[in-house]
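Quick note: the coordinates plus some simple rules give every number you see, no bench work behind them. What you see is a predicted model; the values in this text were computed from it and never measured. So basically every Cβ, Gly included, is an ideal-geometry build from the backbone, and we count neighbours across all protein chains shown.
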Amino acid sequence: MPRTDPTRVDLTRNPEPSGHELKATKMNMFTRLVTAALATATLAFSSGGQAFASPEETQATQGFHIYNFTGHSIRFSKVSGVDDFHGRPPVGKVLEPGRDDDFELAYSFTGLNTAFLTYDMLDAEGAAVGRMTFALTVDGLNRASSQCHVNDGPFSCGGNAKQLYALDSQGTVHDVAADDTEQSQNILNTLCGDGNPATCKFDVKTREKVLEPGKVYGRPVANNTDDKDSFDVTATDTVTSQDLVEIGLRVGAKLTEVVNAEVSARYSHTWTTAHTFTQTLHVTVDPHREAWIEETIPAIRYTGDVMVTLGNTQWNLHGVHFDAPDADGGLQAVYSIKDRPLTAQQRQDLPEAVSRLNSV
């Protein structure tokens with residue numbers, strides 16, 4: 001006769017319980033469920049109905065995340081079915097590409113909690129060009145499940161039980177021209193920003209020496225007297241690659257790593273360099289005029305294409321450039337003196353002396 005392992009139970013061969021045993025088992029299960037429910041209700045009541053980070057409260061919800069992996073902004077437009085959330089975004093919130101919304105759906109031991117979330121896909125003007133519905137479910141055993149459905153538009157969806165993805169149709173490609181700097185910057189700031197799941201790659205096409213446009217060095221000087229004033233200034237400025245990015249572009253750790261990897265592979269040095277430029281100037285400010293120093297920086301410009309991939313979508317950003325100070329070219333920064341007459345208001349408000357201004 002074969003030996004039986006007492007640590008294993010073959011559920012398919014358990015004998016049927018008697019009526020008395022079955023009734024007792026059901027009563028025990030019901031007692032445990034009621035006790036747990038009363039404990040949760042007591043906690044909520046004694047705390048004024050607010051959610052606390054207690055183990056009971058954590059177990060009373062299931063967290064679902066809706067990710068926008070399309071090339072469109074999408075708007076949370078409606079919730080139907082069960083609206084028993086311990087946290088969700090407000091209806092009308094717009095979710096940008098690469099971002100996610102968090103929904104904490106409550107658990108009820110009495111049965112299923114199912115919420116239907118409707119999202120509208122928006123074009124550049126904010127008009128709906130598609131619609132998608134996500135169904136979130138928590139059953140009576142506190143298990144999470146979900147479904148998604150594309151109601152309208154050339155989109156698709158996917159994910160798993162607690163993470164759902166809004167997607168473009170397979171193989172969607174967006175080409176952004178070199179002169180569309182605003183759109184390129186928006187995509188780089190959003191999708192290539194720190195914490196975004198999109199993949200970014202920089203492909204350098206050219207490397208050239210350029211002079212960065214002049215920027216104001218230091219503070220302007222106002223001469224609100226009837227005599228000339230002269231003085232010497234030693235202009236010293238340490239310039240980094242971050243100082244030379246285009247206005248409006250945010251370069252965080254993720255994008256810095258992408259650019260550095262390509263520049264290092266192609267040219268055997270990093271993009272994130274710094275260089276100190278120094279020059280002594282003799283400045284003369286004529287009576288009732290203001291003067292300031294403008295600085296032009298010699299730089300190396302790396303121009304190429306950035307490929308961004310998210311879900312089913314790829315963006316090709318053409319003609320994107322990143323500049324670095326030219327530390328090895330032997331060129332110095334060019335410091336030039338600019339001036340202009342004081343306005344009538346300045347002559348009235350400023351002291352009759354030589355003074356520093358906050359800005360040009």
Pairwise centroid distance, computed over Cα atoms, of region 178-246 with region 77-134, Å: 40 Å
Cα-projected label distance for ARG266 with ASP286, points at 7 Å along beta-carbon direction, nm: 4.7 nm
Table column - 3J(HN,Hα) (Hz), region 73-86, Karplus curve with 6.51, -1.76, 1.60, x for Gly and Pro: 6, 10, 10, 6, 9, 6, 10, 9, x, 7, 10, 9, 10, 9
Proximal charge balance of ASN151 [Cβ under 10 Å; K/R count +1, D/E count -1]: -1
FRET efficiency, THR110 to GLN170 (Cβ-Cβ, R0 30 Å, nearest 0.05): 0.15
Point-charge dipole on Cβ atoms (K/R +1, D/E -1) for region 238-343, about Cα centre, debye to 20: 160 debye
